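Asks: Following this message is one structure expressed as structure tokens.
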Amino acid sequence: MDLIKNITSLINPYGTFVLLIFGIIISIFFGISKKIKFKNFIFIISVILLICSFFINIFGFILNKNFSNNLFTSGFVEVIAIAIILFFAIISIFEIYQYHKNDDNFIKIIMIFLFLVICTLLVIISKNFIAFFVSLMCFIVSFFAVITLLNESLSLVNFNKIVEANTIIKDENKNLLKPDTFRSILRFFIAILFFIVLLFFGFSILYGVTDVKNFLQLFQNIEPAGINIILSLIIISISFYVFLSFFPFQGPYISFTNKTGFSSLYLLWLFYFPTGIFALLKFLPIILILNKNEKASSYILYVLLITVFLSSLGSGLGGLKTKSLRKISSYIFTIIITGHFINMIMLISGFIKIEQFNALNIFYLILIASSFLPLVFIFISLENQQGKDSIKNINSLIYKDKFIGVSLLIFIFSLIGLPGFLGYIRQNYYLNFIITIFNNKTQLNILNNFQGWIILIILIIYTAAFLCIYLRLLIIIFTRAKKDDKDDDDINIKENRVIHYEDYKFNKKFYTLVGIFAAIVIILGVLILLEVIVPQFNLFGLRLTNTIIYK
Amino acid sequence: MNLVYIFSMSFILFLIGLFSALFFNDITKQIISIQFILASSLINFLSFSQTLYDSSTIIIIFVLLSVFLIILFQFLIIIYLYLNFTKYDFKIVKFENSLFYFNLKEWMGEE
């Protein structure tokens, strides 16, 4: 019994890692196999292990509650974040299977992918500087390995082999083979290397100023350091600005999304950026301590506002001008990520407390999972069918396929934040924030009317930026395509087959998947709207806005 | 040795690395520039641990692990670069522009 008790005490958080490591060990035995039955076996085992880890993670927390040691810490927020990342992992592994099951390296890809998931989870629960930096570096190295393996068929060596075999296809299929893929990948990862070295330099100064080896110790050690910490804070902020690819550092990210394969996009959006956000939030104690000083608080507010302004403006203009659906998705994602900075603004101005801040950050991940992800499913499916990445793929979609068209509208409305959809929580927060600034300013840390007006203007720019992109998408979805407009550009060649834009064929599984996501967005959205309108409303004694947001 | 002097030297190294990483469009030069930043960070860590704090064991472990992983990542990038270095494109070690090309066309995601 003692043995069982000892084992159960280790379930949270190590049970999740044990299951995933077990998956890696099994994959090692079949690593070089090219037989399809082994590939299927490893895929099924990995999916089962990921699902088991999802439940073990939650069960372990219910059993053992919070966990903390010198290196790692795990509480309610971390458990929810891990659950969402594991959900992302399940989605990603299906995508990898769909596009790469015939690759020779499929089992190796799965093996490194499981390691990538472990590293992501370690970044989330890390507490010590050593644990944080090492897990972040392991994440980046494994991410690099997975991305290069996933894009092996698109790399230059293979492209040249194909060109040697048949020189004719070089011009016709240039959209499919993409010889620049590896150059884009290289550039993107050199930018990440630049980030990691900048972060290391920032750590070195932070160490000199505070002798901090622990994120939780930041609360105690920063106050005596005073203003000397500013230099390290600036360098760390710039490094994360580069990592999250905000304007004007978005070049490598946009180039990467434009050139890589479909499954790499999922890994980028579902693992790379969430990990960056979790890593950034580890430095929140520094911001909270500096926020006690009026002058420092004011500087931090302006820095965050400038970040939101530049990111919204850059992404908004980019999303309006480009004709590529991949780039539009990239800009939309950047704008969603920018929302975390608005959360920080609300936190340091005293509008929300740390619990609500954590809940809002989790909500953004849920928004990505429920609204952004199915949007990308549809875009990628259309690109896959048409063989070309163009905004014309969604031209008059609502008339061609009513179900997919309406679902796309639902996801767009949710991302906009219209009442009755899941994303409304976010807009409700912004609205209340503005009302509080101008009516009950005394409750907030905002010093003067000028800062209030600046926040209002930045929020309007932020809202306008993504509204413009979504309105553009909506107009294109509703625009009827003219038959006379068909030119050479509208016809694509894929596998020697001419496809016109009228040919949309989605299978039943795809309809079911999109339908489930759309139903979730609407049901949760309606419940949230009812709770906002009717304060006494509850569903079996449960209020979503109470449990998820308003703690 | 004076700590201020050491920090000034390391900061000059950092600035050289920073500006050259942003200026050059050659991949090899970019990676060498990043080494400058890494070297300046190492100087900072070691000088601070020797002069300011007695217990340097933890920071030595941190520095060793981190530097090992950063160097590993750099080598992976270089190996990936030379695996794709073929006779069809001799200018492959060069990007068309620098790492972050501050231009309207680049920001709009155009090729």
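Asks: Scan (1) closer than 26 Å to A:Pro248 by Cβ; (2) at the interface with chain A (Cβ under 8 Å from one of its Cβ atoms); (3) at pLDDT 90 or above for the single condition B:Asn44 breaks and write down its number.
Replies: Just one mismatch for B:Asn44, condition (1).
Asks: Let me ask you something else. From A:Ile28, A:Ile7, which residue is touching a residue at least 24 places away in the same chain (Cβ under 8 Å), of a type in the set (A, V, I, L, M, F, W, C) and exposed (fewer than 15 other Cβ atoms within 10 Å of the Cβ)? Walk me through how you get there before you give the answer.
Replies: Values: A:Ile7 fails: touching a residue at least 24 places away in the same chain (Cβ under 8 Å).
Being touching a residue at least 24 places away in the same chain (Cβ under 8 Å), of a type in the set (A, V, I, L, M, F, W, C) and exposed (fewer than 15 other Cβ atoms within 10 Å of the Cβ) holds for just one of A:Ile28, A:Ile7, which is A:Ile28.
Asks: With the structure loaded, tell me whether A:Ser92 is touching a residue at least 24 places away in the same chain (Cβ under 8 Å), of a type outside the set (Lys, Arg), surrounded by 19 or more Cβ atoms within 10 Å (Cβ to Cβ) and closer than 19 Å to A:Ala145 by Cβ or whether it fails that test. Working first, answer last.
Replies: Details: touching a residue at least 24 places away in the same chain (Cβ under 8 Å): yes; of a type outside the set (Lys, Arg): yes; surrounded by 19 or more Cβ atoms within 10 Å (Cβ to Cβ): yes; closer than 19 Å to A:Ala145 by Cβ: yes.
It is true that A:Ser92 is touching a residue at least 24 places away in the same chain (Cβ under 8 Å), of a type outside the set (Lys, Arg), surrounded by 19 or more Cβ atoms within 10 Å (Cβ to Cβ) and closer than 19 Å to A:Ala145 by Cβ.
Asks: Then there's this: Here is a list of conditions, (1) over 20 Å from B:Met9 (Cβ atoms); (2) buried (at least 19 other Cβ atoms within 10 Å of the Cβ), and B:Phe48 meets all of them except one; can you say which number that is?
Replies: Condition not satisfied by B:Phe48: (1).
Asks: Continuing with this model, one more query. Determine if region A:66-76 includes at least one residue that is within 22 Å of the chain's Cα centre (by Cα) and surrounded by fewer than 21 Cβ atoms within 10 Å (Cβ to Cβ).
Replies: Checking region A:66-76: at least one residue is within 22 Å of the chain's Cα centre (by Cα) and surrounded by fewer than 21 Cβ atoms within 10 Å (Cβ to Cβ).
Asks: Now for a different question. Select, from A:Thr167, A:Thr181, the only residue that is facing chain B (nearest Cβ under 10 Å) and at pLDDT below 90.
Replies: Details: A:Thr167 fails: facing chain B (nearest Cβ under 10 Å).
Within the list A:Thr167, A:Thr181, the selection yields A:Thr181.
Asks: If you don't mind, another one. If you check B:Asn25, B:Asn2, which single one turns out to be among the polar types (S, T, N, Q), more than 9 Å from chain A (Cβ to nearest Cβ), surrounded by fewer than 15 Cβ atoms within 10 Å (Cβ to Cβ) and within 30 Å of B:Tyr101 (Cβ to Cβ)? Steps first, please.
Replies: Details: B:Asn2 fails: within 30 Å of B:Tyr101 (Cβ to Cβ).
B:Asn25 is the lone residue from the list that is among the polar types (S, T, N, Q), more than 9 Å from chain A (Cβ to nearest Cβ), surrounded by fewer than 15 Cβ atoms within 10 Å (Cβ to Cβ) and within 30 Å of B:Tyr101 (Cβ to Cβ).
Asks: Being polar (S, T, N, Q), in contact with a Ser or Thr (Cβ under 8 Å, 6 or more places away or on another chain) and more than 14 Å from chain B (Cβ to nearest Cβ) narrows it down to one of A:Thr334, A:Thr338, so name that one. Spell out the reasoning first.
Replies: Working: A:Thr334 fails: more than 14 Å from chain B (Cβ to nearest Cβ).
Every option except A:Thr338 fails the conditions.
Asks: Got a sec? Which of A:Phe132, A:Phe159, A:Phe87 is modelled with pLDDT of 90 or more and either within 10 Å of another protein chain (Cβ to nearest Cβ) or farther than 18 Å from A:Ile44 by Cα (or both)?
Replies: On the way: A:Phe159 fails: modelled with pLDDT of 90 or more; A:Phe87 fails: either within 10 Å of another protein chain (Cβ to nearest Cβ) or farther than 18 Å from A:Ile44 by Cα (or both).
Unique residue meeting the criteria: A:Phe132.
Asks: So which residues in region A:518-540 are surrounded by 12 or more Cβ atoms within 10 Å (Cβ to Cβ) and outside any helix (DSSP H, G or I)? First the steps, then the outcome.
Replies: First, the residues of region A:518-540 that are surrounded by 12 or more Cβ atoms within 10 Å (Cβ to Cβ): A:518-522, A:524-532, A:537-538.
A:Phe537, A:Asn538, listed by residue number.
Asks: Output the number of the condition that A:Gly319 fails; it satisfies all remaining conditions of (1) in contact with a Lys or Arg (Cβ under 8 Å, 6 or more places away or on another chain); (2) surrounded by fewer than 23 Cβ atoms within 10 Å (Cβ to Cβ); (3) of a type outside the set (Asp, Glu).
Replies: Going through the list (1) in contact with a Lys or Arg (Cβ under 8 Å, 6 or more places away or on another chain); (2) surrounded by fewer than 23 Cβ atoms within 10 Å (Cβ to Cβ); (3) of a type outside the set (Asp, Glu), A:Gly319 breaks only (2).
Asks: Same structure, new question: Could you tell me whether A:Thr275 is out of contact with any strand residue (DSSP E or B) (no Cβ under 7 Å at 6 or more places or on another chain) and within 14 Å of chain B (Cβ to nearest Cβ)? Lay out the reasoning, then the answer.
Replies: On the way: out of contact with any strand residue (DSSP E or B) (no Cβ under 7 Å at 6 or more places or on another chain): yes; within 14 Å of chain B (Cβ to nearest Cβ): no.
The answer is no for A:Thr275.
Asks: Still on this structure, I have one more. Please indicate, with yes or no, whether at least one residue in region A:43-53 is surrounded by 13 or more Cβ atoms within 10 Å (Cβ to Cβ), more than 26 Å from the chain's Cα centre (by Cα) and in a helix (DSSP H, G or I).
Replies: Filtering region A:43-53 down to residues surrounded by 13 or more Cβ atoms within 10 Å (Cβ to Cβ) leaves A:43, A:45-47, A:49-53.
Retained after the next criterion (residues that are more than 26 Å from the chain's Cα centre (by Cα)): none.
No, every residue in region A:43-53 fails to be surrounded by 13 or more Cβ atoms within 10 Å (Cβ to Cβ), more than 26 Å from the chain's Cα centre (by Cα) and in a helix (DSSP H, G or I).
The values are calculated or read from the model by the stated rules, or taken from the named source; none is laboratory data. Computed from a prediction, not measured in an experiment: that's the story for all the values here. Note that we place each Cβ from the backbone using ideal geometry, even for glycine, and neighbour counts take in every protein chain shown.
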